[in-house]
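> This is the structure, below, for whatever I ask next.
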Amino acid sequence: MPQVGIVMGSDSDMPIMKKAADVLKELGISFDMHIISAHREPDEFFAFARGAEEKGYKVIIAGAGMAAHLPGMCAAIFPLPVIGIPMHTTSLGGRDSLYSIVQMPSGIPVATVAINGGQNAGLLAAKILATSDAELLQKLKDYSASMKDAVVAKDARLKEVGYEAY
Ligand code: RP5
């Protein structure tokens with residue numbers, strides 16, 4: 001059973017949603033992915049959201065842009081955590097998506113990551129699952145350690161070659 005459901009409002013969101021999927025894959029977390037538009041196909045959306053708990057999802061990652069109602073409506077129906085990813089938009093720079101997702105009314109939270117924050121959405125889902133999974137928690141600690149090592153290596157290279165050659 002997939003532990004995480006990834007859903008996006010359009011295939012145009014895929015380059016960002018792929019980053020969340022890549023993190024889950026790297027950490028060995030099972031997931032499935034869907035393109036479902038809450039606005040363009042409301043019946044399909046409701047079927048997805050109503051069936052999500054039964055499917056075994058522990059977390060939903062939902063990405064959408066513009067008047068981005070998909071994450072909030074998932075949270076209105078699905079009783080477990082929903083992480084929202086606001087898509088960058090050409091007209092309003094993603095502020096439209098961000099405000100649509102983050103400004104939820106009391107009682108219906110959506111954990112909103114940065115505009116285009118696909119990687120952090122994947123990591124946040126992993127951290128939620130790691131609260132009850134010691135093996136996954138260790139993988140997340142290793143992931144953080146490798147990020148630190150990468151920065152240390154960059155600093156060492158800067159010292160070695162100088163800023164002009166870097
Ligand atoms: C939203 O509208 C989608 O999540 C997407 O970010 C945006 C634009 O969709 P397309 O017109 O590219 O299909 O529903």
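The values are calculated or read from the model by the stated rules, or taken from the named source; none is laboratory data. Here the structure is a predicted model, which is why all the values come from computation and not from measurement. Cβ sites come from the backbone with ideal geometry, for glycine too, and all protein chains shown count toward neighbours. Accessible surface is based on the protein model in full, side chains and every heavy atom, while ligands, DNA and RNA are left aside. Shrake-Rupley method; radii C 1.70, N 1.55, O 1.52, S 1.80 Å.
> Just to verify a result, which residue in the stretch 36-59, among those that are more than 13 Å from the ligand (Cβ to nearest atom) and in a loop (DSSP other than H, G, I, E, B), is surrounded by the most Cβ atoms within 10 Å (Cβ to Cβ)?
TYR57
> Out of the residues in the stretch 1-32 that are part of a helix (DSSP H, G or I) and aliphatic (A, V, I, L, M), state the one that is farthest from ALA49 (Cα to Cα).
Here the answer is VAL23.
> Write out, first by first residue and then by second, each pair whose Cβ atoms fall under 6 Å of each other, whose residues are 6+ apart or on separate chains, and whose first residue, in the stretch 1-29, is within 19 Å of HIS69 (Cα to Cα) and without any contact (Cβ under 8 Å) to a residue 40 or more places away in the chain while the second is within 16 Å of the ligand (Cβ to nearest atom) and open to solvent by 20 Å² or more (accessible area, probe 1.4 Å).
ASP11/ILE35
> Looking at the stretch 72-91 only, could you name the residues that are within 10 Å of the ligand (Cβ to nearest atom) and open to solvent by less than 30 Å² (accessible area, probe 1.4 Å)?
Result: ILE85, PRO86, MET87, THR89.
> Do we find that ALA62 is within 16 Å of the ligand (Cβ to nearest atom), in the same structural domain as GLY117 (by TED's automatic domain parsing) and touching a Cys at 6+ places or on another chain (Cβ under 7 Å) in this structure?
For ALA62, the condition - within 16 Å of the ligand (Cβ to nearest atom), in the same structural domain as GLY117 (by TED's automatic domain parsing) and touching a Cys at 6+ places or on another chain (Cβ under 7 Å) - is met.
> Further question on the same structure: How many of the residues making up the stretch 6-35 are open to solvent by less than 20 Å² (accessible area, probe 1.4 Å) and more than 9 Å from the ligand (Cβ to nearest atom)?
9
> Within the stretch 92-144, which residues are of a type in the set (Val, Ile, Thr) and surrounded by fewer than 16 Cβ atoms within 10 Å (Cβ to Cβ)?
Answer for the stretch 92-144, where residues must be of a type in the set (Val, Ile, Thr) and surrounded by fewer than 16 Cβ atoms within 10 Å (Cβ to Cβ): ILE108, THR131.
> Test each condition in (1) open to solvent by 20 Å² or more (accessible area, probe 1.4 Å); (2) within 19 Å of the chain's Cα centre (by Cα) for LYS148 and report the one that comes out false.
LYS148 satisfies all of (1) open to solvent by 20 Å² or more (accessible area, probe 1.4 Å); (2) within 19 Å of the chain's Cα centre (by Cα) except (2).
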